[in-house]
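Following: one structure in structure tokens, then a few remarks.
The values are calculated or read from the model by the stated rules, or taken from the named source; none is laboratory data. If you're wondering where the values come from, they're calculated on a predicted model, not measured in any experiment. Cβ: placed from backbone, ideal geometry, glycine included. Neighbour counts: every protein chain shown.
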Amino acid sequence: MELSGKTALVTGGRQGIGRTIVETFVDHGAVVHTCGRDAKTPSLPKGGHWHQTDVARVDDVAQLGALLGTLDIVVNNAGIQIEKTVTDSTDDDWDTVMGANARGVFNICREFIPRMHKGGSIINIGSISGKVADPGMALYNASKAFVHGLTRSIAVDHGPDIRCNAICPGWIETGMLEAGFNLADDPKRARSDALLRHATRRFGQPEDVAAMALWLASDASSFATGQCYTLDGGLTAASPLNPGLS
Amino acid sequence: MGALEGKTAFVTGGCGGIGAAICSRFEREGADVIAADISDNGGAGSFRQFDVTDEAGIINTFEELARNWDKLDILVNAAGIEIEETIENTTLEQWNRIFAINVTGMFLTSKYALPLLRKASGSPGGASVINFGSYDGYIADPGLAAYCATKGAVHALTKAMACDHGPEGIRVNAICPGYVDTPMLQSFFEGEGSGGDGQTLEALQQAVRDVHPMRTYGKPEDIANLVNWLASDEARYAAGQLWVIDGGLSAQVQQMKL
């Protein structure tokens, strides 16, 4: 199995994409640690271990580092989305979004890079929103662009010992996406309109992201570093202006 | 005094929608302009019949030009066509034709303009070559496959030319317009590829405006403004870049109807 004998940390593995990455890594032979702000341990597959850690807090991350020791794979998945423009965003919104998505990724990388084995792989979850803007998501978009920039810096500064790449998902079918459609005037129409904008005519599944994370975690990707790989069913390959759908 | 006083400029596609606006702006800025095109529109600049696919004609043109001008400061490669088809419905003849005009024509025109461009390299801003790419060289509009491919080629050619000829004092940049109100855009709206089935032309145009952060599409003059800057000595440090100008269109993800 690709990840036999390897130990991984996946932040934010309680649900959604993170949860599926935890399951996939366990299935492929890794020992997987995951963490979140919840004290309550979620049910995890055998080989998965839960830790209560807020990645935005340096002390929490230092404690986690001391507890886990050395690692082979780090997946910075934990993230928070707040749907506001710049002028609507509060100081608290800044702390929440940038705390988890930017500071959190930095905290984890700073703590764990010295703890990673040679040949280790860091996988950051960026977003297509870090490359092109989603309306009304200013801080989220900016936080993901931070992730992309940090990804390149780590690859450059900490190669050849460690590789670092980002996955930039588009629309992935999680609870978050469904909640978005339910806010539309006509949820059914919103869903079919969104599907038509994807060359694949489907949204992504958490398994799609986990499959790429598995490849990036494995030695099969040993020449890949410093890249931000988009995984979006072709959404951003097409012009924002899709006149047929106007 | 105009920004291009004392400069000479050669604009291919100089009688087209955007090319005509460029010639007109160059003339107002004091340049001596040749509008090179297949047919005359009676617009700005002195017209020269010019076919970017005819190598012998291009050689003749620049030999003749060298007798009248001691240097060429500005070359704008704006000649281009669009084919509104998927690859499945594009014939080899159409494919070869669009590459011959949009890519090979740029190569040939630039190749034979180089000796005259080098003679302008001593000016404060150097010589300036401005190629027409497109935001379609980055992301695709549906049913424009060959066009998108030619524009991607233009972007790569622009960087290659900038690297090769920068040391000779020739700056090479590309402009990548989004939707600009030209005959080509009107043809796109009216064609099947626009997907405007069942909508009136005005409804389709309004829908297109609404998707732009600036809530409008561009005018040829907007593009000429940027061309003018890149042609001027103020842009003396600008080289090898792809300048997107699209009202913010490609800064965003596709706009879902939520």
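Answer yes or no: is there a residue in segment B:206-218 that is farther than 23 Å from B:Ser123 by Cα, in a helix (DSSP H, G or I) and touching a residue at least 12 places away in the same chain (Cβ under 8 Å). Checking segment B:206-218: at least one residue is farther than 23 Å from B:Ser123 by Cα, in a helix (DSSP H, G or I) and touching a residue at least 12 places away in the same chain (Cβ under 8 Å). Counting only helices (runs of 4 or more DSSP H) wholly contained in segment A:131-198, the ones carrying 3 or more residues that are over 16 Å from B:Gln254 (Cβ atoms) and at pLDDT below 90 occupy A:175-182.
A:Ile125 meets all of the listed conditions (1) surrounded by fewer than 24 Cβ atoms within 10 Å (Cβ to Cβ); (2) touching a Pro at 6+ places or on another chain (Cβ under 8 Å); (3) not small (Gly, Ala, Ser) but one, namely (1). Taking every residue in segment B:180-192 that is within 20 Å of B:Gly247 (Cβ to Cβ) and pairing it with any residue that is modelled with pLDDT under 85 and not in a loop (DSSP other than H, G, I, E, B), at least 6 positions away or on another chain, the pairs with Cβ-Cβ distances below 9 Å are B:Gln186/B:Leu201; B:Phe188/A:Pro243; B:Phe188/B:Ser194; B:Phe189/A:Pro243; B:Phe189/B:Leu201; B:Phe189/B:Leu204.
Residue-wise test of (1) closer than 20 Å to A:Gly126 by Cβ; (2) over 19 Å from the mean Cα position of the chain (by Cα); (3) not aromatic (Phe, Trp, Tyr).
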residue	(1), (2), (3)
A:Leu9	yes, no, yes
A:Thr24	yes, no, yes
A:Pro45	no, yes, yes
A:Gly48	no, no, yes
A:Gln52	no, no, yes
A:Leu68	no, yes, yes
A:Val75	yes, no, yes
A:Ile80	yes, no, yes
A:Val86	no, yes, yes
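Checking each residue of segment B:159-175 against the condition of being surrounded by fewer than 16 Cβ atoms within 10 Å (Cβ to Cβ) and within 14 Å of chain A (Cβ to nearest Cβ) gives no match. Being more than 14 Å from A:Ser218 (Cα to Cα) and either in contact with a Lys or Arg (Cβ under 9 Å, 6 or more places away or on another chain) or free of Cβ contacts under 8 Å to residues at least 12 places away in the same chain (or both) holds for only one residue in A:Gly29, A:Gly47, A:Gly12, and it is A:Gly12.
The set of residues in segment B:16-33 that are crowded, with 23+ Cβ neighbours inside 10 Å and not in a helix (DSSP H, G or I) comprises B:Gly16, B:Ala31, B:Val33. Screening B:Asn173 with (1) among the polar types (S, T, N, Q); (2) within 25 Å of B:Gln254 (Cα to Cα); (3) under 22 Å from the mean Cα position of the chain (by Cα) gives one miss only, at (2). Among (1) over 20 Å from A:Ala8 (Cα atoms); (2) basic (Lys, Arg); (3) at pLDDT 95 or above, which single condition is A:Lys40 missing? Status for A:Lys40: all satisfied but (3). Of all residue pairs spaced 6 or more apart or on separate chains, those with beta-carbon atoms under 7 Å, a first member in segment B:109-135 that is farther than 12 Å from B:Val172 by Cβ and a second member that is among the polar types (S, T, N, Q) and modelled with pLDDT under 95 are B:Tyr135/B:Ser250.
In segment A:130-146, the residues that are closer than 18 Å to A:Leu231 by Cα form Cβ pairs under 7 Å with partners that are at pLDDT 95 or above and outside any helix (DSSP H, G or I), at six or more places apart or across chains, as follows: A:Gly130/A:Cys168; A:Lys131/A:Cys168; A:Lys144/A:Gly126; A:Lys144/A:Ser127.
Listed conditions (1) out of contact with any helix residue (DSSP H, G or I) (no Cβ under 8 Å at 6 or more places or on another chain); (2) more than 9 Å from every other protein chain (Cβ to nearest Cβ); (3) part of a loop (DSSP other than H, G, I, E, B) are all met by A:Leu216, apart from (3). State yes or no: is B:Asp141 of a type in the set (Asp, Glu), touching a Lys or Arg at 6+ places or on another chain (Cβ under 9 Å) and buried (at least 20 other Cβ atoms within 10 Å of the Cβ)? In short, no.
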